[in-house]
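Quick note: the coordinates plus some simple rules give every number you see, no bench work behind them. Not measured: the values here are computed from a predicted model. Positions of Cβ are generated from backbone atoms using ideal geometry, with glycine treated the same way; all protein chains shown enter the neighbour counts.
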Amino acid sequence: MNNTGRISFEKKLAIQLSFFVLAFLFVLISSISAQTWEPTNGPYGGNIRCFTASTNGDIFVGTFGSGVYRSSNHADSWVVANNGLQTHNINALAAKDSIIFAGINGGYVYRSFDAGNNWELSDSGLTNSNTMALAIDTNGGIYTGTWGGGVFYSSDNGDNWVVKNNGLTDSAVTCITINPTNNYIFVGTNGKGVFRSTDNGNNWVLIDSGLINTSIRAIGIDTANGYIYGGTGHGLFRSINNGDSWVEIDTGLVNTNIQCFAINPNGDIFTGTYGGGIYRSVDYGNNWVAVTNGVTNDYIQILAITNTDTVFVGTYGGGVFRSVDGGNNW
């Protein structure tokens with residue numbers, strides 16, 4: 001073979017090898033992309049409103065219309081846990097040791113002492129049945145926020161409730177979040193913004209300086225630095241001084257209808273939007289990037305983190321999704 005023929009042969013071989021390598025990489029990348037996200041095996045089509053986890057690792061999901069589901073295998077499968085519940089419209093869940101509390105829309109509060117197998121009504125002292133939020137402080141006190149009745153408190157695992165509304169001028173409570181480092185309690189309301197209590201709910205002060213929108217949907221706290229994040233129907237805000245003042249932080253957010261927050265131990269912040277999927281920030285909310293790869297429903301209602309890398313997402317009508325790589329894929 002002369003030099004010209006040898007060069008022509010080598011060029012053809014190189015081209016064929018290039019096509020082979022490109023085809024291999026395409027198949028490899030497609031395979032990785034297809035296998036990394038994980039929808040959980042139910043609750044199928046569920047209108048997911050809330051999550052909580054018990055001390056033994058069981059995960060509970062509250063739905064609006066189908067009640068409570070429990071998973072004992074990290075959301076690989078779910079079972080219905082509704083025995084004793086008179087209504088299945090669940091707005092909130094909270095766990096205190098082995099006791100699970102469920103806040104019901106129009107049904108007060110229920111509690112379970114046996115991992116959700118059986119529920120009993122816990123309404124002594126509650127004068128409003130529209131429970132929207134539940135939170136537990138580091139001393140074991142339980143707070144419930146209601147739509148129209150403000151905040152109630154129980155110091156005896158829900159045997160009795162007392163009203164805690166001094167200074168709370170908006171009784172339509174949408175969310176309650178407690179900073180475990182100092183037990184400061186933050187309450188989001190439907191029309192007047194955020195209220196704070198530094199004395200176990202005995203007194204509340206309005207902290208709305210800088211809040212352009214005062215219809216609060218969610219409050220998240222980064223316990224590592226005390227930063228507080230407030231989500232509204234038209235914007236996301238941050239406070240670095242316990243809520244005394246707020247600034248809007250929406251760079252990168254295409255959708256600002258904020259529904260929920262979750263913050264992992266590394267400080268990564270996740271926020272769920274209604275109609276725009278999930279966003280993540282790794283710089284305290286200064287910039288946001290969409291992380292919805294694999295999530296087939298963009299109507300996000302709740303987020304939860306069980307460890308640094310595992311994130312759960314509850315959607316409106318699309319059930320639960322799970323990410324095991326910090327939200328990169330679902």
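Key figures for this structure:
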read-out	value
Theoretical gain in end-to-end length, N56 to N307 [0.36 nm per residue, Cα-Cα removed]	88.9 nm
Rounded if a/c under 1.5, otherwise prolate or oblate - segment 163-293, Cα gyration tensor axes	prolate
The chain, relative contact order in percent, only Cα pairs under 8 angstrom and at least six apart counted	12 percent
Label-point gap, in nm, between S124 and I240 - each point 7 angstrom along Cα→Cβ	4.8 nm
Packing rank of 157-166, 210-219, 311-320, where each peptide gets the mean count of other beta carbons within 10 Å, highest leading	311-320, 210-219, 157-166
222 nm mean residue ellipticity, helices alone, for the chain (DSSP H n ≥ 4; -39,500 (n - 2.57); rounded to 500)	-3500 deg cm²/dmol
Cα long-axis angle, helix 3-35 against the chain (0 to 90 degrees, to the nearest 10)	20 degrees
Cα centroid separation - segment 123-191 against segment 235-292, whole Å	24 Å
Efficiency of FRET from Cβ geometry, V205 and N287, R₀ 45 Å, rounded to 0.05	0.90
Neighbour-count ranking [beta-carbon atoms within 10 angstrom, fewest first] of D58, D309	D309, D58
Potential lengthening between D114 and T198 on full extension [0.36 nm per residue; Cα-Cα distance subtracted]	26.9 nm
Theoretical gain in end-to-end length, N157 to V80 [0.36 nm per residue, Cα-Cα removed]	25.3 nm
